[in-house]
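In what follows, a single structure is set out as structure tokens and then discussed.
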Amino acid sequence: ETQLAESGGGLVQAGGSLRLSCAPSGFYFGDYAVGWFRQFPGKEREGVSCTKSSDGTTYYEDSVKGRFTISRDDAENTVYLHMNSLKPEDTATYYCAINRYCHNMNEWDFGSWGQGTQVTVSS
């Protein structure tokens, strides 16, 4: 079954860091675009970051630029989201998903969603 698993979330104080991991089950990322999304309570998922190795695409939502870094380890078949200088407003459930390209960071275009990992940033 094609599905992703997110991990690495937790509770951290403002200014702290976390590294989220996204690992697929049953397939390799290969040429897929891999995106990170987050969902605030009562709201829809929003795009946070995306990477597509084959064309060098890297995308960051404005509010996380300079603080978050997306990377991938092809040997481990894992995509990471390094989150630094975390703020309370980053508190959300974080998901990863795949698409053909990164330029459309709409959740409706992505698939293979995992269960998400909770990130909570305290003041």
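The values are calculated or read from the model by the stated rules, or taken from the named source; none is laboratory data. It should be emphasised that the depicted structure is a prediction, and the values quoted were computed from it without experimental measurement. Cβ sites come from the backbone with ideal geometry, for glycine too, and all protein chains shown count toward neighbours. All accessible areas refer to the heavy atoms of the entire protein, side chains included, with ligands and DNA or RNA removed. Shrake-Rupley method; radii C 1.70, N 1.55, O 1.52, S 1.80 Å.
Points to keep in mind about this one:
- Residue 103 accessible area, assembled protein chains, probe 1.4 Å, Å²: 130 Å²
- Here the chain is assigned +1 on the Cβ of each Lys and Arg and -1 on the Cβ of each Asp and Glu. Its dipole about the Cα centre then comes out at about 280 debye.
- Cross-link partners of residue 65 among lysines, defined as those whose alpha carbon lies under 19 angstrom from its own and excluding same-chain residues fewer than eight positions apart: 52, 87.
- If both residues of a DSSP beta bridge must be in the chain, then about 90% of such bridges are antiparallel.
- Placing unit charges on each Cβ (+1 for Lys and Arg, -1 for Asp and Glu) gives the chain a dipole about its Cα centre, and among 68, 98, 86 the Cα reaching farthest toward its positive end belongs to 86.
- Remark: relative contact order (the range 1-79) = 24 percent; criterion is Cα-Cα distance under 8 angstrom and separation of 6 or more residues.
- Within the range 1-64, the ratio Rg/Rh, alpha carbon atoms throughout and Rh by Kirkwood, equals 0.99.
- Summed side-chain charge close to residue 32 - residues other than residue 32 whose Cβ falls under 13 Å, Lys, Arg +1, Asp, Glu -1: -1
- Ranked by solvent-accessible area (1.4 Å probe, protein heavy atoms only, all chains present), the residues 38, 19, 72 order from largest to smallest as 19, 72, 38.
- Per-residue SASA entry for residue 45, accessible area with 1.4 Å probe, Å² rounded to 10: 60 Å²
- When the Gaussian network model of the chain links Cα atoms closer than 10 Å, the mean-square fluctuations of 14, 75, 92 top out at 75.
- Considering only GluC sites (Glu not before Pro) in DSSP loops that have at most 14 other Cβ atoms within 10 Å, the longest stretch of the chain without any of them is 77-123.
- Electrostatic dipole magnitude of the range 64-123 [Cβ: Lys, Arg +1; Asp, Glu -1; Cα centre; debye, to 20]: 180 debye
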